[in-house]
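Have a look at the structure below before the remarks.
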Amino acid sequence: MSGRARMAGQAAALAAVVALLALLVWKVAFGSGDGAAGQLARGDNPVAPPFALPRIDAAGGTLSLPALRGKAVVVNFWASWCIPCKDEAPALQATYVRYRDQGLVIVGVDAQDFRQDARRFMKRYGVTYPVVYDGSGSTLGAWGVTGFPETFFVDRQGRLVGERIQGGIDTDRNKDAFAQGVALALGTAR
């Protein structure tokens with residue numbers, strides 16, 4: 001490679017880095033904010049961002065979050081390739097079985113994933129709660145999701161309650177927050 005070609009390559013790489021840095025600065029200064037998670041962290045109880053997504057569970061069709069108004073909802077964002085998602089799946093399933101007769105619905109939002117991989121995950125971990133597919137991740141910004149897994153709690157009036165859980169709900173760090181979120185969503189918190 002000639003010296004001139006090497007310099008052109010370095011200049012192009014530098015321009016790309018500068019452009020990405022400018023984009024980051026713009027996003028921080030003028031971006032759409034941190035979604036519902038940011039509002040929740042500030043102590044607000046915003047209305048849960050609505051979505052209507054195709055189901056990939058056995059029921060098929062489309063699931064709309066606003067259609068679940070009147071039920072307590074746990075919304076869990078996950079992907080089949082996520083290691084902590086695999087670890088927490090049994091705990092989510094057990095929670096669904098334990099509280100569904102009290103009106104609790106767990107909705108898994110499989111994002112940035114392949115449908116077939118998600119279906120294999122669901123079969124392997126015995127997931128029977130509703131699961132929707134958001135392959136492009138279109139819901140992540142409105143919710144303020146920054147990684148997988150993340151879990152939110154929606155009360156019967158459709159408002160976010162409790163705290164967003166980043167990471168598995170089955171870890172020592174998150175078990176109490178998960179139990180509190182379920183209780184707040186159900187309206188049984190003391």
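The values are calculated or read from the model by the stated rules, or taken from the named source; none is laboratory data. Everything numeric in this text was worked out from a predicted model, so none of it was measured. Don't worry about glycine lacking a Cβ; one is built from the backbone with ideal geometry, like all the others, and counts go over all protein chains shown.
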On the given criteria, is ALA79 closer than 20 Å to ARG164 by Cα, at pLDDT 95 or above and under 14 Å from the mean Cα position of the chain (by Cα)? yes
Pairs, please: C-beta under 7 Å, at least 6 apart or cross-chain, first residue in contact (Cβ under 8 Å) with a residue 24 or more places away in the chain and of a type in the set (A, V, I, L, M, F, W, C) and in the range 174-190, second in a helix (DSSP H, G or I) and exposed (fewer than 14 other Cβ atoms within 10 Å of the Cβ)? LEU186/GLN102
Can you tell me which residue in the range 53-68 is farthest from ALA183 (Cα to Cα), limited to those that are among the aliphatic types (A, V, I, L, M) and in a strand (DSSP E or B)? LEU53
Taking the range 126-173 and keeping residues out of contact with any Pro (no Cβ under 9 Å at 6 or more places or on another chain), of a type in the set (Ser, Thr, Tyr) and either not in a loop (DSSP other than H, G, I, E, B) or not assigned by TED's automatic domain parsing to the domain that holds ALA52 (or both) leaves THR151
Which one is surrounded by the most Cβ atoms within 10 Å (Cβ to Cβ) among residues in the range 1-38 that are at pLDDT 60 or above, of a type in the set (Gly, Ala, Ser) and in contact with a Gly (Cβ under 7 Å, 6 or more places away or on another chain)? ALA36
In the range 69-89, what residues are without any contact (Cβ under 8 Å) to a residue 60 or more places away in the chain and in a helix (DSSP H, G or I)? ILE83, LYS86, ALA89
Out of all the residues in the range 147-163, which are surrounded by fewer than 21 Cβ atoms within 10 Å (Cβ to Cβ) and of a type in the set (Gly, Ala, Ser)? GLY147, GLY158
